[in-house]
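The values are calculated or read from the model by the stated rules, or taken from the named source; none is laboratory data. Worth saying up front: this structure is predicted, and the values here are computed from it rather than measured. Neighbour counts are summed over all protein chains in view; Cβ atoms, including those assigned to glycine, are modelled from backbone coordinates with ideal geometry.
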Amino acid sequence: MSQSASLPPQAHQPPLAPLLTVRSHSHGTTHHIAVAGELDISSVEEVRRVTEQALRGKPETLLLDLGELTFCDSSGIHLVLDTDRRASAASVRFRVIAPRGSARRTFEICQISDRVTFVTGDAAATG
C-alpha cells in the first residue's frame, strides 16, 4: 500500500506583491510607460496591452522605461522588438530606457541595440 503525504495546513499568508508593475502616462507629445519588476512570459501580455493602447493614441514618441526591471526573459526581448516594429509602422518614435544589472545583460546578449534606440533617463527627459 502506498501512503500519500499531505501538506500541512497553511497559516494565513498576506497576498504576494505583484512581480511586475506598469505605469503609463502622457506628457506633451510623449507617452511614457515605466515597467518595474519581472518581465517574462507570465507578465508580458500586460505590458503589450499598455504599449498597444499607447500607440493607438499616436504620440510623437513612445518611451518604454525599463530602468527598474529586475528580470527579463526572451518574451520581454520579443515585446521590445515587436513594439519597435509597430511604432515604426505608425510613424511613432520609439525609445527605450535600458534596464540595469542582470536584466540589462539579457539585452546585451541579444544584441538588439542596432535595431532599438536605447537612451539614458537623462536623455529621455530632455527629448
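Report the residue count in region 48-69 for those that are in contact with a helix residue (DSSP H, G or I) (Cβ under 6 Å, 6 or more places away or on another chain) and either β-branched (Val, Ile, Thr) or without any contact (Cβ under 8 Å) to a residue 24 or more places away in the chain (or both).
Number satisfying all stated conditions: 1.
For PHE118, all conditions in the list (1) surrounded by 13 or more Cβ atoms within 10 Å (Cβ to Cβ); (2) at pLDDT 95 or above; (3) of a type outside the set (Lys, Arg); (4) over 18 Å from GLU38 (Cα atoms) hold save one; what is the number of the exception?
Only one criterion in (1) surrounded by 13 or more Cβ atoms within 10 Å (Cβ to Cβ); (2) at pLDDT 95 or above; (3) of a type outside the set (Lys, Arg); (4) over 18 Å from GLU38 (Cα atoms) is unmet by PHE118, namely (2).
Filter region 85-105 down to residues that are in a strand (DSSP E or B) and within 12 Å of the chain's Cα centre (by Cα) and give me whichever is nearest to ARG56 (Cα to Cα).
VAL96
Would you pick out the residues in region 103-117 that are among the small types (Gly, Ala, Ser) and touching a strand residue (DSSP E or B) at 6+ places or on another chain (Cβ under 7 Å)?
Residue satisfying the conditions is ALA103 alone.
Residues in region 84-96: is at least one modelled with pLDDT under 95 and of a type in the set (Val, Ile, Thr)?
No, region 84-96 contains no residue that is modelled with pLDDT under 95 and of a type in the set (Val, Ile, Thr).
Tally time: how many residues in region 34-49 are farther than 14 Å from ASP84 by Cα and touching a strand residue (DSSP E or B) at 6+ places or on another chain (Cβ under 7 Å)?
The total comes to 9.
Name the residues in region 37-76 that are small (Gly, Ala, Ser) and crowded, with 16+ Cβ neighbours inside 10 Å, would you?
Result: GLY37, SER43, ALA54, GLY67, SER75, GLY76.
For region 37-73, how many residues are closer than 23 Å to SER102 by Cβ and assigned to a strand (DSSP E or B)?
Result for region 37-73: 13.
Since SER113 meets every condition but one in (1) at pLDDT below 95; (2) assigned to a helix (DSSP H, G or I); (3) among the hydroxyl-bearing types (Ser, Thr, Tyr), which condition does it not meet?
With respect to (1) at pLDDT below 95; (2) assigned to a helix (DSSP H, G or I); (3) among the hydroxyl-bearing types (Ser, Thr, Tyr), SER113 is out only on (2).
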